[in-house]
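The values are calculated or read from the model by the stated rules, or taken from the named source; none is laboratory data. All values derive from a computational prediction rather than experimental measurement. All Cβ positions, even for glycine, are placed from backbone atoms using ideal geometry, and neighbour counts span all protein chains on display.
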Amino acid sequence: MKSKRLPLPTHPLTKFFEPAVESVTTSLGDSSVTSYRTTVRSFLTYLGAQHSEVHSLRQLRRDPHILGWLALLRSHHPPFATITRANHVIYLRRLLEELAWTQHLPDLAHLLGRDDMPRKERHLPRPLTPEQDELVQQELLRRDDLLSNALLLMRHTGMRIGESVDLSFDCLRVVGPGQWAIHVPLGKLKTERWVPVDSVVCQLVERIRSLRPPTAPKSGRLLLPGPRGRYLLKRKLRAAFREVTAAVGIPARLVPHQFRHTYGTEMLRAGVSFAAVMKLLGHKSPHMTLQYLEITQQDLQREFHLALSHPRHLAPSRSISSDLAPRADLAGLIHSLTTAQHVLEIYRRNVTDPSARRLLDRLANRIVKLLSQTRKLNPA
(Lines give C-alpha, C1' and ligand atoms only; values in the text may rest on other atoms or scores of the structure.)
Protein backbone atom coordinates (compact mmCIF):
# COMPACT_ATOMS: atom_id res chain seq x y z
CA MET A 1 0.00 0.00 0.00
CA LYS A 2 1.50 3.32 -1.05
CA SER A 3 1.87 6.03 1.56
CA LYS A 4 0.08 9.32 1.09
CA ARG A 5 2.35 11.80 -0.70
CA LEU A 6 2.46 15.47 0.16
CA PRO A 7 2.00 17.74 -2.86
CA LEU A 8 4.96 19.65 -4.23
CA PRO A 9 4.94 23.45 -3.73
CA THR A 10 3.30 25.70 -6.29
CA HIS A 11 6.21 26.93 -8.39
CA PRO A 12 6.84 27.44 -12.12
CA LEU A 13 9.51 24.69 -12.06
CA THR A 14 7.26 22.08 -10.44
CA LYS A 15 5.95 21.00 -13.85
CA PHE A 16 9.52 19.99 -14.78
CA PHE A 17 10.71 18.44 -11.52
CA GLU A 18 7.64 16.30 -10.87
CA PRO A 19 7.92 14.18 -14.06
CA ALA A 20 11.70 14.00 -13.48
CA VAL A 21 11.04 12.44 -10.08
CA GLU A 22 8.63 9.96 -11.62
CA SER A 23 11.24 9.04 -14.22
CA VAL A 24 14.23 8.43 -11.94
CA THR A 25 12.21 6.56 -9.29
CA THR A 26 10.35 4.21 -11.62
CA SER A 27 12.03 1.10 -10.21
CA LEU A 28 12.55 2.42 -6.65
CA GLY A 29 10.49 1.89 -3.51
CA ASP A 30 8.02 4.26 -1.90
CA SER A 31 10.59 5.49 0.62
CA SER A 32 12.96 6.53 -2.18
CA VAL A 33 10.16 8.34 -4.01
CA THR A 34 9.34 10.21 -0.79
CA SER A 35 13.00 11.17 -0.35
CA TYR A 36 13.27 12.57 -3.89
CA ARG A 37 10.06 14.55 -3.47
CA THR A 38 11.28 15.91 -0.14
CA THR A 39 14.43 17.19 -1.84
CA VAL A 40 12.42 18.84 -4.61
CA ARG A 41 10.10 20.40 -2.05
CA SER A 42 13.08 21.82 -0.15
CA PHE A 43 14.75 23.22 -3.28
CA LEU A 44 11.63 24.77 -4.82
CA THR A 45 10.51 26.24 -1.50
CA TYR A 46 13.92 27.88 -1.19
CA LEU A 47 13.74 29.24 -4.75
CA GLY A 48 10.26 30.63 -4.18
CA ALA A 49 11.30 32.38 -0.97
CA GLN A 50 14.75 33.69 -1.96
CA HIS A 51 14.73 33.88 -5.77
CA SER A 52 11.17 34.52 -6.90
CA GLU A 53 12.47 35.80 -10.25
CA VAL A 54 13.33 32.24 -11.37
CA HIS A 55 10.57 30.99 -13.69
CA SER A 56 12.44 28.65 -16.06
CA LEU A 57 15.18 26.02 -15.95
CA ARG A 58 17.41 28.20 -18.14
CA GLN A 59 17.59 30.76 -15.33
CA LEU A 60 19.11 28.32 -12.83
CA ARG A 61 22.69 29.16 -11.92
CA ARG A 62 25.16 27.57 -9.53
CA ASP A 63 25.67 30.93 -7.84
CA PRO A 64 23.42 32.01 -6.18
CA HIS A 65 20.69 29.37 -6.59
CA ILE A 66 22.51 26.09 -5.89
CA LEU A 67 25.07 27.51 -3.47
CA GLY A 68 22.35 29.34 -1.56
CA TRP A 69 20.34 26.13 -1.17
CA LEU A 70 23.44 24.25 0.06
CA ALA A 71 24.03 27.00 2.63
CA LEU A 72 20.42 26.64 3.74
CA LEU A 73 20.94 22.91 4.34
CA ARG A 74 24.06 23.60 6.42
CA SER A 75 22.31 26.21 8.56
CA HIS A 76 19.19 24.15 9.25
CA HIS A 77 18.08 24.05 12.89
CA PRO A 78 18.17 21.51 14.37
CA PRO A 79 21.18 20.55 12.22
CA PHE A 80 20.71 17.90 9.55
CA ALA A 81 22.81 14.78 9.89
CA THR A 82 25.65 14.62 7.36
CA ILE A 83 24.04 11.67 5.59
CA THR A 84 20.79 13.64 5.25
CA ARG A 85 22.54 16.57 3.57
CA ALA A 86 24.50 14.17 1.37
CA ASN A 87 21.30 12.48 0.22
CA HIS A 88 19.71 15.83 -0.64
CA VAL A 89 22.73 16.67 -2.81
CA ILE A 90 22.66 13.25 -4.50
CA TYR A 91 18.94 13.45 -5.24
CA LEU A 92 19.00 16.98 -6.65
CA ARG A 93 22.08 16.21 -8.74
CA ARG A 94 20.37 13.15 -10.21
CA LEU A 95 17.25 15.17 -11.03
CA LEU A 96 19.27 17.93 -12.67
CA GLU A 97 21.04 15.32 -14.82
CA GLU A 98 17.66 13.94 -15.85
CA LEU A 99 16.38 17.42 -16.74
CA ALA A 100 19.59 18.19 -18.65
CA TRP A 101 18.84 15.18 -20.85
CA THR A 102 15.09 15.56 -21.27
CA GLN A 103 15.01 19.36 -21.63
CA HIS A 104 18.19 19.57 -23.77
CA LEU A 105 19.93 21.84 -21.25
CA PRO A 106 23.37 20.23 -20.67
CA ASP A 107 24.48 23.02 -18.32
CA LEU A 108 22.07 21.72 -15.66
CA ALA A 109 24.16 18.58 -15.22
CA HIS A 110 27.12 20.67 -14.01
CA LEU A 111 25.37 22.78 -11.36
CA LEU A 112 26.22 20.23 -8.66
CA GLY A 113 29.53 18.35 -8.42
CA ARG A 114 31.34 15.87 -6.23
CA ASP A 115 32.93 18.64 -4.19
CA ASP A 116 29.46 19.63 -2.97
CA MET A 117 29.09 16.34 -1.10
CA PRO A 118 29.65 16.81 2.64
CA ARG A 119 32.42 14.68 4.09
CA LYS A 120 31.30 11.46 5.66
CA GLU A 121 31.17 11.37 9.41
CA ARG A 122 33.45 8.95 11.18
CA HIS A 123 31.01 6.74 13.00
CA LEU A 124 32.34 5.38 16.29
CA PRO A 125 30.93 2.49 18.31
CA ARG A 126 28.37 3.72 20.82
CA PRO A 127 27.62 0.85 23.21
CA LEU A 128 26.11 1.69 26.58
CA THR A 129 28.51 1.60 29.48
CA PRO A 130 28.02 -1.37 31.83
CA GLU A 131 26.51 0.97 34.41
CA GLN A 132 24.09 2.53 31.91
CA ASP A 133 23.16 -0.89 30.53
CA GLU A 134 22.37 -2.26 33.98
CA LEU A 135 20.32 0.77 35.03
CA VAL A 136 18.27 0.79 31.83
CA GLN A 137 17.57 -2.94 31.90
CA GLN A 138 16.52 -2.83 35.55
CA GLU A 139 14.09 0.01 34.87
CA LEU A 140 12.66 -1.77 31.82
CA LEU A 141 12.14 -4.92 33.89
CA ARG A 142 10.47 -2.90 36.64
CA ARG A 143 8.02 -1.28 34.21
CA ASP A 144 7.17 -4.61 32.54
CA ASP A 145 4.78 -3.13 29.95
CA LEU A 146 4.54 -3.84 26.23
CA LEU A 147 7.02 -1.18 25.09
CA SER A 148 9.52 -1.98 27.86
CA ASN A 149 9.59 -5.66 26.94
CA ALA A 150 9.94 -4.74 23.27
CA LEU A 151 12.99 -2.62 24.13
CA LEU A 152 14.45 -5.50 26.14
CA LEU A 153 13.93 -7.76 23.14
CA MET A 154 15.94 -5.31 21.02
CA ARG A 155 18.69 -5.27 23.66
CA HIS A 156 19.06 -9.07 23.72
CA THR A 157 18.86 -9.67 19.96
CA GLY A 158 20.61 -6.65 18.43
CA MET A 159 17.67 -5.87 16.16
CA ARG A 160 17.06 -2.50 14.56
CA ILE A 161 13.95 -0.70 15.74
CA GLY A 162 12.36 -1.09 12.31
CA GLU A 163 13.00 -4.84 12.39
CA SER A 164 11.46 -5.21 15.84
CA VAL A 165 8.16 -3.58 14.79
CA ASP A 166 8.00 -5.90 11.76
CA LEU A 167 8.39 -9.13 13.75
CA SER A 168 5.64 -11.64 13.13
CA PHE A 169 3.64 -13.14 15.98
CA ASP A 170 5.36 -16.51 15.43
CA CYS A 171 8.89 -15.08 15.03
CA LEU A 172 10.22 -17.40 17.76
CA ARG A 173 11.07 -20.77 16.24
CA VAL A 174 12.49 -24.03 17.62
CA VAL A 175 15.58 -25.00 15.60
CA GLY A 176 16.73 -28.01 17.65
CA PRO A 177 16.54 -29.67 21.05
CA GLY A 178 16.73 -26.79 23.55
CA GLN A 179 17.59 -24.34 20.74
CA TRP A 180 15.56 -21.32 19.61
CA ALA A 181 16.00 -18.51 17.11
CA ILE A 182 14.20 -15.28 16.27
CA HIS A 183 13.33 -14.89 12.60
CA VAL A 184 14.16 -11.28 11.73
CA PRO A 185 12.27 -10.22 8.58
CA LEU A 186 13.58 -8.15 5.70
CA GLY A 187 15.34 -5.20 7.26
CA LYS A 188 17.23 -2.10 6.28
CA LEU A 189 19.58 -3.94 3.89
CA LYS A 190 16.76 -6.03 2.36
CA THR A 191 18.06 -9.19 4.07
CA GLU A 192 16.57 -11.56 6.60
CA ARG A 193 18.35 -13.61 9.25
CA TRP A 194 17.95 -15.99 12.17
CA VAL A 195 19.26 -14.79 15.54
CA PRO A 196 19.95 -17.52 18.14
CA VAL A 197 18.34 -16.73 21.51
CA ASP A 198 18.19 -18.22 24.99
CA SER A 199 15.36 -18.91 27.41
CA VAL A 200 15.38 -15.28 28.62
CA VAL A 201 14.43 -14.02 25.16
CA CYS A 202 11.80 -16.77 24.87
CA GLN A 203 10.22 -15.46 28.07
CA LEU A 204 10.31 -11.91 26.68
CA VAL A 205 8.46 -12.98 23.53
CA GLU A 206 5.83 -14.81 25.58
CA ARG A 207 5.43 -11.78 27.84
CA ILE A 208 4.92 -9.49 24.84
CA ARG A 209 2.29 -11.85 23.49
CA SER A 210 0.44 -11.79 26.81
CA LEU A 211 0.53 -7.96 26.94
CA ARG A 212 -1.02 -7.49 23.52
CA PRO A 213 -4.33 -5.61 23.80
CA PRO A 214 -7.51 -7.65 23.25
CA THR A 215 -8.36 -5.42 20.27
CA ALA A 216 -5.23 -6.52 18.37
CA PRO A 217 -6.09 -8.25 15.05
CA LYS A 218 -6.16 -12.05 15.18
CA SER A 219 -5.08 -12.77 11.62
CA GLY A 220 -1.89 -11.75 9.83
CA ARG A 221 -0.83 -10.14 13.07
CA LEU A 222 2.52 -8.74 14.09
CA LEU A 223 4.15 -9.34 17.44
CA LEU A 224 3.94 -5.62 18.32
CA PRO A 225 0.51 -4.22 17.41
CA GLY A 226 0.57 -0.80 15.76
CA PRO A 227 -2.99 0.22 14.93
CA ARG A 228 -1.83 3.66 13.77
CA GLY A 229 1.09 2.43 11.68
CA ARG A 230 4.69 1.37 12.18
CA TYR A 231 5.97 4.97 12.09
CA LEU A 232 4.02 5.95 15.20
CA LEU A 233 4.97 2.67 16.89
CA LYS A 234 8.66 3.46 16.39
CA ARG A 235 8.08 6.93 17.82
CA LYS A 236 6.44 5.37 20.88
CA LEU A 237 9.42 3.05 21.39
CA ARG A 238 11.88 5.94 21.19
CA ALA A 239 9.76 8.02 23.57
CA ALA A 240 9.57 5.12 26.04
CA PHE A 241 13.36 4.75 25.89
CA ARG A 242 13.83 8.46 26.63
CA GLU A 243 11.50 8.18 29.62
CA VAL A 244 13.50 5.25 30.98
CA THR A 245 16.89 6.97 30.65
CA ALA A 246 15.46 10.09 32.32
CA ALA A 247 13.94 8.02 35.12
CA VAL A 248 17.28 6.38 36.00
CA GLY A 249 19.10 9.73 35.90
CA ILE A 250 21.29 9.31 32.82
CA PRO A 251 22.07 12.84 31.55
CA ALA A 252 23.64 11.71 28.26
CA ARG A 253 21.43 11.57 25.18
CA LEU A 254 20.91 7.89 24.39
CA VAL A 255 18.88 6.26 21.61
CA PRO A 256 17.51 2.71 21.25
CA HIS A 257 19.93 1.97 18.38
CA GLN A 258 22.74 1.92 20.95
CA PHE A 259 21.28 -1.37 22.18
CA ARG A 260 22.53 -2.78 18.87
CA HIS A 261 26.06 -1.52 19.51
CA THR A 262 25.92 -2.93 23.04
CA TYR A 263 24.74 -6.33 21.82
CA GLY A 264 27.45 -6.59 19.15
CA THR A 265 30.21 -5.62 21.58
CA GLU A 266 28.85 -8.06 24.18
CA MET A 267 28.87 -10.92 21.68
CA LEU A 268 32.45 -10.18 20.62
CA ARG A 269 33.67 -10.08 24.23
CA ALA A 270 31.84 -13.32 24.95
CA GLY A 271 34.04 -15.07 22.38
CA VAL A 272 31.83 -14.96 19.29
CA SER A 273 33.97 -14.66 16.16
CA PHE A 274 33.93 -11.45 14.17
CA ALA A 275 32.34 -13.18 11.17
CA ALA A 276 29.57 -14.56 13.38
CA VAL A 277 28.91 -11.13 14.94
CA MET A 278 28.63 -9.72 11.44
CA LYS A 279 25.98 -12.36 10.66
CA LEU A 280 24.12 -11.73 13.92
CA LEU A 281 23.86 -8.01 13.14
CA GLY A 282 22.84 -8.62 9.54
CA HIS A 283 25.69 -6.61 8.03
CA LYS A 284 27.01 -7.01 4.50
CA SER A 285 30.51 -5.65 5.05
CA PRO A 286 33.11 -5.95 7.86
CA HIS A 287 33.58 -2.17 7.74
CA MET A 288 29.99 -1.67 8.85
CA THR A 289 30.40 -4.15 11.71
CA LEU A 290 33.54 -2.40 12.95
CA GLN A 291 31.47 0.75 13.48
CA TYR A 292 29.40 -1.16 16.05
CA LEU A 293 32.09 -2.93 18.08
CA GLU A 294 33.95 -1.20 20.87
CA ILE A 295 37.35 -2.82 21.38
CA THR A 296 39.06 -1.38 24.46
CA GLN A 297 42.64 -1.74 25.67
CA GLN A 298 41.35 -4.20 28.25
CA ASP A 299 39.94 -6.35 25.45
CA LEU A 300 43.26 -6.24 23.60
CA GLN A 301 45.19 -7.25 26.73
CA ARG A 302 42.84 -10.17 27.36
CA GLU A 303 43.14 -11.44 23.78
CA PHE A 304 46.93 -10.98 23.79
CA HIS A 305 47.49 -13.00 26.97
CA LEU A 306 45.01 -15.62 25.84
CA ALA A 307 47.01 -16.04 22.63
CA LEU A 308 50.23 -16.41 24.63
CA SER A 309 48.78 -19.03 26.95
CA HIS A 310 47.18 -20.98 24.09
CA PRO A 311 49.38 -20.44 21.01
CA ARG A 312 47.32 -22.23 18.38
CA HIS A 313 49.91 -21.64 15.66
CA LEU A 314 52.54 -23.54 17.71
CA ALA A 315 50.39 -26.51 18.65
CA PRO A 316 51.40 -29.79 16.97
CA SER A 317 49.29 -30.48 13.91
CA ARG A 318 48.91 -34.14 14.91
CA SER A 319 49.26 -35.85 18.25
CA ILE A 320 51.15 -39.15 18.60
CA SER A 321 49.55 -41.72 20.85
CA SER A 322 51.76 -42.60 23.80
CA ASP A 323 51.33 -46.33 23.17
CA LEU A 324 52.47 -46.11 19.56
CA ALA A 325 56.13 -45.70 18.63
CA PRO A 326 57.07 -43.37 15.74
CA ARG A 327 57.47 -45.00 12.38
CA ALA A 328 61.06 -45.91 11.56
CA ASP A 329 61.18 -44.07 8.26
CA LEU A 330 62.07 -40.61 6.98
CA ALA A 331 58.53 -39.23 7.46
CA GLY A 332 58.46 -40.52 11.04
CA LEU A 333 61.84 -38.94 11.78
CA ILE A 334 60.79 -35.53 10.39
CA HIS A 335 57.52 -35.70 12.29
CA SER A 336 59.33 -36.48 15.57
CA LEU A 337 61.75 -33.59 15.09
CA THR A 338 58.87 -31.21 14.25
CA THR A 339 56.96 -32.26 17.36
CA ALA A 340 60.06 -31.76 19.49
CA GLN A 341 60.47 -28.28 17.98
CA HIS A 342 56.92 -27.31 18.89
CA VAL A 343 57.11 -28.70 22.42
CA LEU A 344 60.44 -26.99 23.06
CA GLU A 345 59.07 -23.62 21.86
CA ILE A 346 55.97 -23.86 24.07
CA TYR A 347 58.14 -24.75 27.06
CA ARG A 348 60.65 -21.97 26.29
CA ARG A 349 57.90 -19.33 26.41
CA ASN A 350 57.02 -20.30 29.98
CA VAL A 351 60.63 -20.18 31.24
CA THR A 352 61.58 -16.95 33.02
CA ASP A 353 65.26 -17.68 33.82
CA PRO A 354 67.39 -15.83 31.18
CA SER A 355 70.21 -18.39 31.16
CA ALA A 356 67.79 -21.26 30.70
CA ARG A 357 66.05 -19.43 27.86
CA ARG A 358 69.39 -18.89 26.11
CA LEU A 359 70.17 -22.60 26.39
CA LEU A 360 66.75 -23.47 24.98
CA ASP A 361 67.32 -21.03 22.13
CA ARG A 362 70.51 -22.87 21.20
CA LEU A 363 68.71 -26.21 21.31
CA ALA A 364 65.93 -24.82 19.12
CA ASN A 365 68.50 -23.65 16.54
CA ARG A 366 70.06 -27.12 16.50
CA ILE A 367 66.69 -28.75 15.87
CA VAL A 368 66.13 -26.34 12.98
CA LYS A 369 69.46 -27.40 11.46
CA LEU A 370 68.66 -31.08 12.01
CA LEU A 371 65.32 -30.67 10.26
CA SER A 372 66.96 -28.84 7.37
CA GLN A 373 69.52 -31.59 6.84
CA THR A 374 67.03 -34.40 7.36
CA ARG A 375 64.68 -33.07 4.69
CA LYS A 376 67.56 -33.29 2.21
CA LEU A 377 67.68 -37.09 2.57
CA ASN A 378 66.37 -39.00 -0.40
CA PRO A 379 66.00 -42.67 0.55
CA ALA A 380 66.21 -45.28 -2.17
Restricting to the range 134-192, and then to whatever is at positive phi and in contact (Cβ under 8 Å) with a residue 60 or more places away in the chain, can you tell me which residue is surrounded by the most Cβ atoms within 10 Å (Cβ to Cβ)?
GLY158
Going through (1) modelled with pLDDT of 75 or more; (2) outside any helix (DSSP H, G or I); (3) not polar (S, T, N, Q) one by one, HIS335 fails only at (2)
Of the residues in the range 237-267, how many are closer than 16 Å to ARG160 by Cβ and basic (Lys, Arg)?
2
With the first residue restricted to the range 28-39 and required to be closer than 12 Å to ARG5 by Cα, and the second required to be at pLDDT 90 or above and aromatic (Phe, Trp, Tyr), Cβ contacts under 7 Å at 6 or more apart or on different chains are SER35/TYR91; TYR36/TYR91
Helices (runs of 4 or more DSSP H) contained in the range 75-175 and holding at least 3 residues in contact with a strand residue (DSSP E or B) (Cβ under 9 Å, 6 or more places away or on another chain) and under 21 Å from ASP198 (Cβ atoms):
146-157
Among the residues of the range 243-299, which ones are assigned to a helix (DSSP H, G or I), outside the structural domain of PRO196 (by TED's automatic domain parsing), among the polar types (S, T, N, Q) and surrounded by 13 or more Cβ atoms within 10 Å (Cβ to Cβ)?
THR289
Pairing a residue in the range 350-368 that is surrounded by 10 or more Cβ atoms within 10 Å (Cβ to Cβ) with any residue that is among the polar types (S, T, N, Q) and part of a loop (DSSP other than H, G, I, E, B), where Cβ atoms lie under 8 Å and the two sit 6 or more apart in sequence or on different chains, gives none
Please go through the range 15-27 and give me each residue that is acidic (Asp, Glu) and without any contact (Cβ under 8 Å) to a residue 12 or more places away in the chain, ordered by number.
GLU22
